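Engineer: Below you'll find the structure I mean.
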Amino acid sequence: EGWLHHLADVYRLHAAEIDKITDEKAKLRHLVQLNVLEQCNNVAANSLVQSKQCESLANGAPYPVPRIHGFAYDPENGRLDDLGWSDEIHGSGADKKSLGFVSPLVKMFGK
């Protein structure tokens, strides 16, 4: 299936980190979280999203719209966990879970 390739890519990129986790449930949970963060990067890198964000800032919005945030639902405890990915801080170095993508918005507007 096509969607499994994305998950396989996430595993390949983070295999050393994931393989250090011995508990299988914790390993799967971490893989899900990393996948969410990678997909946030993909959305942020999308040219249409970037265009709309730049347009919103140029029109005086206090923050880029649409906004991007990363959350993962954990069915084990019923919680929706904020993974710390936010377009307002992503790439600024303030987010420890950032995977290295620096949005052009950060470069252009310093947001």
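The values are calculated or read from the model by the stated rules, or taken from the named source; none is laboratory data. Quick caveat: nothing in here was measured; it's all calculated off a predicted structure. In this analysis, Cβ positions are derived from the backbone assuming ideal geometry, glycine residues included, and neighbour counts consider all displayed protein chains.
Engineer: Out of the range 21-41, which residues are part of a loop (DSSP other than H, G, I, E, B) and among the basic types (K, R)?
Structural biologist: Correct list: empty.
Engineer: Only residues that are within 18 Å of the chain's Cα centre (by Cα), surrounded by 11 or more Cβ atoms within 10 Å (Cβ to Cβ), of a type in the set (A, V, I, L, M, F, W, C) and not in a helix (DSSP H, G or I): list them for the range 42-85, please.
Structural biologist: V65, I68, F71, A72, L83, W85, listed by residue number.
Engineer: Could you list all residues from the range 86-111 that are at pLDDT 50 or above, crowded, with 17+ Cβ neighbours inside 10 Å and in contact with an Asp or Glu (Cβ under 9 Å, 6 or more places away or on another chain)?
Structural biologist: Selection gives S86 alone.
Engineer: Would you be able to say whether some residue in the range 6-27 is at pLDDT below 95, touching a Gly at 6+ places or on another chain (Cβ under 9 Å) and farther than 19 Å from D81 by Cα?
Structural biologist: No, that holds for no residue.
Engineer: Considering only the range 1-26, how many residues are charged (D, E, K, R) and either within 17 Å of F71 (Cα to Cα) or in contact (Cβ under 8 Å) with a residue 40 or more places away in the chain (or both)?
Structural biologist: Total meeting the criteria: 1.
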